[in-house]
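One structure below.
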Amino acid sequence: MPYRSTEILSPGPADKAPLHRVSLTHDQRHLRRKLLHLENDDVVMLDLKEPVMLADGDLLVLEGGGYIEVKAAKEALYDVRPRSALHLVELAWHLGNRHLPAAVEEGRILIARDPVIRTMLEGLGATVTEVTEPFHPLRGAYHGGGHHHGHGDHHHYG
């Protein structure tokens, strides 16, 4: 019989050691109700009241006790490097103008691989390299912002 969870907790006290882990890509972390396959081949039925955006480190609270940790899976991405800090802002604007999920970091931007976008970025003078790593894009203001704290912390999406 699979585990069942109807509540998400943000990472917190160390006393909440997870029983198991589930690795999900960025797109897979946008959900409301889904059967998730854990790293140990068990399954957990996630059944939430509303859609959420799970973050790396979030905990699925299991009915009957225990936690499942959410891990961001490695994904095929582009590491986009600008010529300067001002160039980074320009590149981020072009990506945002196309509503592309992007992780903007010090000195680089990470995006999902798309050959058309790569050509555009290289045409704008960026250095684009293929990488495989977890993807944590910024959330747009239209998604309602980051965490909502309180009993049963979870990330609203939508």
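Quick rundown of the values:
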{"quantity": "In sequence order, calculated HN-Hα J values of region 72-86 (Karplus, 6.51, -1.76, 1.60; Hz; x Gly/Pro)", "calculated": "6, 6, 5, 9, 7, 10, 9, 9, 9, 10, x, 7, 7, 5, 5"}
{"quantity": "DSSP-assigned coil residues among trypsin sites (Lys or Arg not before Pro) in region 20-93, each with at most 16 further Cβ atoms within 10 Å", "calculated": "Arg83"}
{"quantity": "Cβ-defined net charge surrounding Glu75, 10 Å radius [Lys, Arg +1; Asp, Glu -1]", "calculated": "0"}
{"quantity": "Overall form of region 1-132 per C-alpha gyration tensor (a/c, 1.5; a/b vs b/c)", "calculated": "prolate"}
{"quantity": "Charge dipole (debye, nearest 20) of region 3-72; +1 at Cβ of Lys and Arg, -1 at Cβ of Asp and Glu", "calculated": "180"}
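Readers should treat all values here as calculations from the given coordinates under stated rules, not as data from a laboratory. The shown structure was predicted, so the numbers you read here are calculated from the model rather than taken from an experiment. All Cβ positions, glycine included, derive from the backbone under ideal geometry; neighbour counts span all protein chains shown.
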